[in-house]
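Visitor: Dropping the structure in here first, questions after.
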Amino acid sequence: MEFYVFDHIAVILFGIVFPVMAVSSGDVDDTILEQLPPKKHLFYTNALTLVIGALIVITSWNFAHRPWEDMGFRPPQISTSVLILIVTILLIYGIDIFYGLMNSESQKQKIKQLSYMIPLNWNEFKPFVLMSAAAGICEEIIYRGFLVTYMYNIIPFSEYSGYLGAAIPAVSFAISHMNQGFWSVIKIFLIGVLLGLIYLESGSLWIVICLHVAIDIISGMVTVISNNTWED
């Protein structure tokens, strides 16, 4: 597969610039929190930003006259390895939720630190669902459909191109979530690698999009339920 200047610019933008911006943004202090608009505006803005990012990637793809199927817009090929990878993601995510529920004090502290960007009640959860859907669709288009495909095709070591193709975008994907804390970065990296491998094994974006959307929405639900329970 041949890549052009717009593809390389998109790789630099989403693979380097955005993660560096995430790292350099630093923590949000109380002064900044007081100046933030209502949380639903943050959710809507983030959703719009993700859509714009996905459109940039799709525009670059169309500019090269590549079929959409090559980005993963095709029915998935289900195999034993795909099923094992899906179960592995669900186990990692399930263990993480269980650990958080069993360690209520650390979970309370985490929710307090991230309170500006996560839903704390069901009213905030509604716009959060929209952002979760945008994240699941758009981030998978960017990081799996585009970046994994790009890396897989340009890495010269064919024996390891699949693993490296999945791992390198997962690094950028994880670092972009640096504001969620160190453990979250590690967890998101592992899940990102697994999503990349599912994408390569199945040849489709549909499974990884569904997993991503479900994980984000369930995370929001768990946060709201936990916060309401502890407040009671």
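Visitor: Give the angle, between 0 and 90 degrees and rounded to the nearest 10, that separates the Cα long axis of helix 80-102 from the longest principal axis of the Cα atoms of the chain.
Guide: 20
Visitor: For the Cα atoms of the chain, what angle does the longest principal axis make with the long axis of helix 104-113, in degrees from 0 to 90, nearest 10?
Guide: 70
Visitor: Rounded, prolate or oblate: which one fits the stretch 27-131, using the alpha carbon gyration tensor with axes a ≥ b ≥ c (rounded when a/c is under 1.5, else prolate when a/b beats b/c, else oblate)? Write out the running numbers ahead of the final one.
Guide: Numbers: a/c = 3.00, a/b = 1.31, b/c = 2.29.
Judged from the Cα gyration tensor, the stretch 27-131 comes out oblate (a/c at least 1.5, b/c at or above a/b).
Visitor: Output ³J(HN,Hα) for the stretch 143-153: one whole-Hz value per residue in order, computed from phi by the Karplus curve 6.51 cos²θ - 1.76 cosθ + 1.60 with θ = phi - 60°, and x for Gly and Pro.
Guide: Once θ is set to phi - 60°, the couplings for the stretch 143-153 become 7, 9, x, 9, 5, 5, 4, 4, 5, 4, 8 Hz.
Visitor: Relative to the compact-globule scaling 2.2 N^0.38 Å, provide the ratio for the alpha-carbon radius of gyration of the stretch 120-203. Let's see the in-between values first.
Guide: Values: Rg = 14.4 Å, N = 84, 2.2 N^0.38 = 11.8 Å.
Normalised Rg, Cα atoms only: 1.22.
Visitor: Follow-up. Which of the residue pairs 40/187; 39/187; 40/112 have a Cα-Cα distance greater than 22 Å in the structure shown? Could you put the intermediate results ahead of the total?
Guide: Details: 40/187 26 Å; 39/187 25 Å; 40/112 17 Å.
Check vs 22 Å cut-off fails for 40/187; 39/187.
Visitor: Another question about this same structure. For residue 98 and residue 122 in one chain, what is 0.36 nm times their gap in residues minus the Cα-Cα distance, to one decimal in nm?
Guide: Working: separation 24, 0.36 × 24 = 8.64 nm, distance 2.14 nm.
Full-extension gain reported as 6.5 nm.
Visitor: Right, something else. Across the stretch 8-20, in residue order, what do the Karplus-derived ³J(HN,Hα) couplings come to in whole Hz, using 6.51 cos²θ - 1.76 cosθ + 1.60 with θ = phi - 60° and x for Gly and Pro?
Guide: Whole-Hz 3J(HN,Hα) from phi for the stretch 8-20: 5, 5, 5, 4, 4, 5, 8, x, 10, 4, 4, x, 4.
Visitor: With N residues in the stretch 5-231, what two-decimal value do you get for its Cα radius of gyration over 2.2 N^0.38 Å?
Guide: On the way: Rg = 17.8 Å, N = 227, 2.2 N^0.38 = 17.3 Å.
In units of the globular-protein estimate, the stretch 5-231 measures up at 1.03.
Visitor: Relative to the compact globular guide of 2.2 N^0.38 Å, what is the alpha carbon radius of gyration of the stretch 75-143, as a ratio? Numbers along the way, then the final one.
Guide: Details: Rg = 15.8 Å, N = 69, 2.2 N^0.38 = 11.0 Å.
Compared with the compact-globule rule of thumb, the stretch 75-143 sits at 1.43.
Visitor: State the answer as a single residue: which of 154, 81, 47 lies farthest towards the positive end of the charge dipole of the stretch 39-179, with beta carbon charges of +1 for Lys and Arg and -1 for Asp and Glu, about the Cα centre.
Guide: Value: 47.
Visitor: Related question: Can you list the HN-Hα couplings for the stretch 207-223, worked out from phi with the Karplus curve (6.51, -1.76, 1.60; θ = phi - 60°), rounded to whole Hz and with x for Gly and Pro?
Guide: Result, rounded to whole Hz: 5, 5, 5, 4, 4, 5, 4, 4, 4, 5, 5, 5, 4, x, 5, 4, 4.
Visitor: While we're on this one: Kirkwood hydrodynamic radius of the stretch 105-150 from all distinct Cα pairs, in Å?
Guide: Values: mean 1/r = 0.0805 Å⁻¹.
By the Kirkwood definition, the hydrodynamic radius is 12.4 Å.
Visitor: Using only the alpha-carbon atoms, how far is helix 122-139 inclined from the longest principal axis of the chain? Give it as 0 to 90 degrees, nearest 10.
Guide: Once rounded, the angle reads 20 degrees.
Values in this text are rule-based calculations from the coordinates and carry no lab data. Nothing here was measured: the structure is a model prediction, and the numbers come from that model. Note that we place each Cβ from the backbone using ideal geometry, even for glycine, and neighbour counts take in every protein chain shown.
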